[in-house]
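Accompanying notes for the structure given below.
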Amino acid sequence: MNNLSIWQQLVEQSQMRWKEVLEATSVHIQLVFFSMLIAIILGVTLGILVTRVPQLTTLVLGGTGVMQTIPSLALLGFMIPIFGIGVKTAIAALFLYSLLPIARNTYAGIKDVDPATREAAKGMGMTSMQILFKVELPLAIPVIMAGIRTAAVINVGNATLAAFIGAGGLGDFIFLGITRGIDGLILLGAVPAALLAIILEVFFGSLERWTTPKGLKA
């Protein structure tokens with residue numbers, strides 16, 4: 001089937017199913033949003049923790065790294081006995097996939113802060129918590145945001161697999177297109193997902209530049 005016929009199918013399917021696409025996109029965004037929200041909270045916390053307790057570095061970063069080696073469908077399967085079939089399982093799996101880049105970048109960003117800067121802060125009488133929130137985290141923001149941006153973009157793609165466990169999202173069209181052999185349906189799920197990934201990339205890129213201290217901006 002040539003490219004023109006594929007795009008003709010996409011246009012035809014879009015006209016027929018545009019309301020369904022909007023609903024699926026809304027579900028897809030919710031899956032990504034809630035999984036990322038939990039991952040950011042826990043990932044940043046874990047990243048900070050391992051800078052304070054170096055003995056946990058291998059356990060935490062190694063453990064989150066193991067999650068990345070498990071195939072997406074297999075991880076969804078492991079979650080089903082715990083959360084059942086549906087949205088909760090999808091969010092749990094997406095959350096676990098998002099942890100590594102966020103925790104690792106938080107750890108790396110804080111560790112890369114110039115020791116002389118920390119010493120200067122201590123010399124000014126700052127407590128450990130003040131140093132963390134007023135010195136280390138602001139300086140580590142560009143690295144942390146890069147990890148969040150990476151996790152968000154990856155999550156958009158992984159969220160399409162939620163269709164296999166009845167969680168909905170844009171993966172429904174991809175799955176339906178594969179089972180029926182209709183390329184236009186596959187594109188109907190893939191194109192909005194790709195656009196959503198691009199939008200998130202631009203959004204978090206802008207947020208990264210906005211939150212970066214002026215002295216660190218290129």
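No lab work stands behind these numbers, since they all come straight from the coordinates. Only a predicted model underlies this, so the values are computations on that prediction, with no experimental measurement involved. Glycine gets a Cβ as well: all are built from the backbone with ideal geometry, and neighbour counts include every protein chain shown.
Below are the figures for this structure:
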| read-out | value |
| --- | --- |
| Count of Lys pairs (Cα-Cα under 29 Å; at least 8 positions apart or interchain) in the chain | 10 |
| Per-residue Cβ neighbour rank within 10 angstrom, fewest leading, R52, R17 | R52, R17 |
| For segment 32-47, 3J(HN,Hα) per residue [Karplus equation, 6.51 cos²θ - 1.76 cosθ + 1.60, θ = phi - 60°, Hz, x = Gly/Pro] | 5, 4, 5, 5, 5, 4, 5, 5, 5, 4, 6, x, 5, 4, 5, x |
| About the Cα centre, charge dipole magnitude for the chain (Lys/Arg +1, Asp/Glu -1 at Cβ), debye | 560 |
| Shape call, segment 4-60: gyration tensor on alpha carbons, a/c limit 1.5 | prolate |
| Kirkwood-based Rg to Rh ratio, the chain, C-alpha trace | 1.08 |
| Residue-wise HN-Hα coupling along segment 186-194, computed from phi with Karplus coefficients 6.51, -1.76, 1.60 (Hz; x: Gly, Pro) | 4, 5, 4, x, 6, 5, x, 5, 5 |
